[in-house]
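Undergrad: Below you'll find the structure I mean.
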Amino acid sequence: MTETTLLSTGAIRGAYRSSQDLRADSAETAGDAAQAGGASFSEMLREASVNALHEARAADAMVQAGLQGEVNTQQVVQAALELESTVKLAVSVRDKFVAAYQEVMRMPI
């Protein structure tokens, strides 16, 4: 049984754009980290959650615009797919964070 995957060019462009933003942000963060002694983990986590929230709000706005007939269905689907990838990333980061926390809690003192 073969499984087919449908990838839209918008989703691919969104992923590429996000990776470019991450590279630009990491280059800026590296420069800031050298000056300030490094960004704290809580700040990085806060920024990631704020970015995910903005992505969710943008997708919601696109859905609302689609319901009002201002944008076409393809744009709504692309926004939904971008949101889906953002949510999957956020869930995987959360899972890794919880696993790391549990591992630390198992360490003998």
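Undergrad: May I ask for the net charge around ALA100, where only other residues with Cβ less than 12 Å from the Cβ of ALA100 are counted and Lys, Arg are +1 while Asp, Glu are -1?
TA: +1
Undergrad: Against the empirical 2.2 N^0.38 Å scaling, what ratio does the C-alpha Rg of the stretch 35-106 come to?
TA: 1.50
Undergrad: Another question, then. Put a dot 7 Å past each Cα toward the Cβ at LYS88 and ALA52; how far apart are the dots in nm?
TA: That separation, rounded to one decimal, is 1.5 nm.
Undergrad: Another question, then. Treat each spin label as a single point 7 Å out from the Cα along the C-beta direction, and report the LEU67 to MET105 distance in nm.
TA: Simple spin-label model gives 3.9 nm for this pair.
Undergrad: Among ALA100, ASN72, MET44, pick out the residue whose Cα is farthest towards the positive end of the charge dipole of the stretch 35-106, where Lys and Arg carry +1 and Asp and Glu carry -1 on C-beta, about the Cα centre.
TA: ALA100
Undergrad: Still on this structure: With r as the distance between the Cβ atoms of ARG17 and PHE41 and R0 = 25 Å, compute the FRET efficiency 1/(1 + (r/R0)^6) and round to 0.05.
TA: 0.45
Undergrad: Can I ask one more? Expressed in nm to one decimal, what extension gain is obtained for the pair VAL77 and ASP60 from 0.36 nm per residue of sequence separation less their Cα-Cα distance?
TA: 5.0 nm
Every number in this text was worked out from the coordinates using simple rules, so none of it is lab data. All values derive from a computational prediction rather than experimental measurement. Virtual Cβ from ideal backbone geometry, glycine too; neighbours counted across all protein chains shown.
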